[in-house]
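Everything on this sheet refers to the single structure shown next.
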Amino acid sequence: MIRFPAREIYVGNKPLGGRNPIRLQSMTNTDTRDVEATVAQTIRIFEAGADYVRISVPNSESASVLPSIRKKVSNARFDYPLIADIHFKPELALIAARYFEAVRINPGNYTGMPSKNQIEWSESQYQSELDEMRNNLKPLLKTCKEYGRAIRIGTNFGSLSKRVISRLGNTPEAMVVSTLEFLQAFESLGFTDTAISLKASNPIITIKAYLLMVERMQQMGMAYPLHVGVTEAGEGEDGRIKSALGISTLLQMGIGDTIRVSLSEAPEEEIPVARKIAEPFQNLFTNTPREGEVYRIPIINFNPPNPPPIPYNLKAVVLSDQEDASCDFVLLKNTKEFGNAEKDENCFTQAKHKATGEIFPVFSVQALSNPSTIFDAQWNFLWIDFDNDLPKLETLKNVPGLILIFETKCNNLTNAIEQLREHLFRLELNPVLVVYQRLIHRSEEDVLLTAVEKTSLLLLQRKIHGLIFRAPVIATPSLAGKMVFGLLQATGIRITRNEYISCPTCSRTSFDLVAISKKVKEITQHISGLKIAVMGCVVNGPGEMADADFGILGAGPGKVHLYKGLTPIKRNLTELQALDALAKLIESQESAHIPKNE
Ligand code: SF4
């Protein structure tokens, strides 16, 4: 893997792109006007190991305290870059650029608001909006040049301009075009100290947008550094899975110069997670590529043809060797047949389908050459050790319903899988591939992040069709299965629970978003298959909530609106009223009761 050769730009004293390390960043969620609280939180984020801290500037009072924040953070010996986050009020970016090292702007905000009913743009209307945007950018670019500041064009799936949506819909392509329109305006005005981001709360949309962006940049001879993240990832295990899925997958393809893990938790808690995600790539990213090595955008097929049939028409299969685990099949040992069953941890003989109790055989490769072996007419599990068993797979040709449980000591799982798939292709075999992962780590979070890093790209391309984890640090068997189901859910391969989207909060959040998100999870635990959003404000809220079944959106101090789909159905509720109304609404929607685990 080679890193996308982004140009180096200066963000204060921590340059970005080039061969610089992957920079880590987070964002404050204090009220920016509260200087003491904002400075204290900024320092905590830097102490946790961040390279950059972003601070939102929603109004002129916030803009007026930026010099004081900069001074106090520097006086505390954190002379590191601060980035101002600007939405809706481009004039505030002009103030911020004088005091902070970089400014993040949203391409959705640099033209006048179209009339509510405008849904089409003629060629000349479209062009005149681009001209207006270019004109509106001039003062900011001039100030940034004067003060030596960088700008991030922060495109969000949830807040694309109506102009772009009118032509391309809410799509990764629209995100790319929106970003390119800005980059071209910047270049035409002689400004190139630019980083870009294209975030969505859906990791797959995020990955597709970045891949397309890099492809377009290469075609156009551009190489701007990329800020990578999945926005509104939520909290806890789900938030980590979504973030790791989006970020790790892109890093595996050499994409990502700075990363932010957006969790609905204390911002300083994002940094250790970001560090763990970036760590496996830092050496490779900072080393100079070997002579002649050229970056090529990987070709990713998210929908490959001819997937193998999977038992019970599942989209992917989850195995476990623990009876009480959350899984589809439990692997069982027959201690009579294997006297050393307890010693040999992989000598399983049967796989029990948990839902039906049906039993299928599990073979070792040795059994293949035994003429007395009787295969099941439907499904046959076969445990293979990649490092020893590959040459013996010839004999698999006549085995019906093959499910290969694949284990390797090889560090590069992707390479091993590619070799195995090539071998199987030559043998004209198309079995279900289940990866067995032995994860020896110190914490559950480490297990989770490593599992996502090792398997995400393989799962997304359907090169593997199932997982089994063994991680001694995970004390409860159900948790390992829960992690696998969470990963399959985040990849969109298999939906078994609700999807929760919540923004990471910032100074614009005017209600207790973290508490209400937790409560929403609690009151919806008994059902699955719903998408529920809890968003702090209108910046990304309505856009990211667009395909949610229900949403709660901040509407002023202590007040929220409740949405069903795209429609606000109750306005200005207190948090308790909103939870109550949401519970009643869900109860009244019988279609919401989708059975779990399918
Ligand atoms: S959606 Fe959340 S994080 Fe984004 S600007 Fe609004 S309150 Fe801040």
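The values are calculated or read from the model by the stated rules, or taken from the named source; none is laboratory data. Source: prediction; values computed, not measured. Using ideal geometry, Cβ is built from the backbone for each residue, glycine included, and neighbour counts are taken over all protein chains shown. The area values use the complete protein model at the heavy-atom level, side chains included, leaving out ligands, DNA and RNA. Shrake-Rupley method; radii C 1.70, N 1.55, O 1.52, S 1.80 Å.
Cβ-Cβ below 7 Å, separation at least six or inter-chain, first residue in the range 69-94 and over 17 Å from Ser56 (Cα atoms) and in contact (Cβ under 8 Å) with a residue 40 or more places away in the chain, second open to solvent by 10 Å² or more (accessible area, probe 1.4 Å) and part of a loop (DSSP other than H, G, I, E, B): which pairs?
As it stands, the answer is Asp79/Asn13, since those pairs meet every condition given.
Applying the selection to the range 261-289, what residues are part of a helix (DSSP H, G or I), open to solvent by less than 40 Å² (accessible area, probe 1.4 Å) and farther than 16 Å from Thr42 by Cα?
Listed by number, the residues that qualify are Val273, Ala274, Ile277, Ala278, Phe281, Phe285.
In this structure, is Gly551 within 15 Å of the ligand (Cβ to nearest atom), more than 30 Å from Ile417 (Cβ to Cβ) and in contact with a Ser or Thr (Cβ under 8 Å, 6 or more places away or on another chain)?
It is false that Gly551 is within 15 Å of the ligand (Cβ to nearest atom), more than 30 Å from Ile417 (Cβ to Cβ) and in contact with a Ser or Thr (Cβ under 8 Å, 6 or more places away or on another chain).
Yes/no matrix, rows are residues, columns are (1) touching a residue at least 60 places away in the same chain (Cβ under 8 Å); (2) in the same structural domain as Phe186 (by TED's automatic domain parsing); (3) in contact with a Pro (Cβ under 9 Å, 6 or more places away or on another chain):
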site	(1), (2), (3)
Phe100	no, yes, yes
Val103	no, yes, no
Glu120	no, no, no
Cys144	no, yes, no
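Out of Leu140, Leu160, Leu189, Leu180, which single residue is modelled with pLDDT under 90 and of a type outside the set (Phe, Trp, Tyr)?
Leu160
From the list Asn109, Asn117, Asn59, exactly one residue is touching a His at 6+ places or on another chain (Cβ under 9 Å), farther than 26 Å from Arg23 by Cα and not charged (D, E, K, R). Which is it?
Asn109
Do any helices (runs of 4 or more DSSP H) entirely within the range 1-118 hold 2 or more residues that are within 16 Å of the ligand (Cβ to nearest atom) and open to solvent by less than 10 Å² (accessible area, probe 1.4 Å), and if so, which? Steps first, answer last, please.
Numbers: elements: 35-47, 60-64, 66-75, 90-99.
Answer list for the range 1-118: 35-47, 60-64, 90-99.
Can you find, within the range 166-175, the residue that is farthest from the ligand (Cβ to nearest atom) among those that are under 18 Å from Asn109 (Cβ atoms) and under 23 Å from the mean Cα position of the chain (by Cα)?
In this case the residue turns out to be Ala174.
Give His526, His561 a once-over and let me know the one that is away from the ligand (no atom under 12 Å from the Cβ) and buried (at least 17 other Cβ atoms within 10 Å of the Cβ).
Answer to the check: His561.
Does Thr476 fit the bill of being surrounded by fewer than 22 Cβ atoms within 10 Å (Cβ to Cβ) and within 27 Å of Thr231 (Cα to Cα)?
no
When the residues of the range 249-282 are narrowed to those that are among the hydroxyl-bearing types (Ser, Thr, Tyr) and either touching a helix residue (DSSP H, G or I) at 6+ places or on another chain (Cβ under 6 Å) or at pLDDT 95 or above (or both), which ends up farthest from Leu16 (Cα to Cα)?
Ser264
Could you tell me whether Ala490 is more than 16 Å from the ligand (Cβ to nearest atom), within 18 Å of Pro203 (Cβ to Cβ) and open to solvent by 10 Å² or more (accessible area, probe 1.4 Å)?
So Ala490 passes the test.
What number of residues within the range 228-260 are more than 16 Å from the ligand (Cβ to nearest atom), more than 12 Å from Ala278 (Cα to Cα) and open to solvent by 10 Å² or more (accessible area, probe 1.4 Å)?
Residues meeting the conditions: 4.
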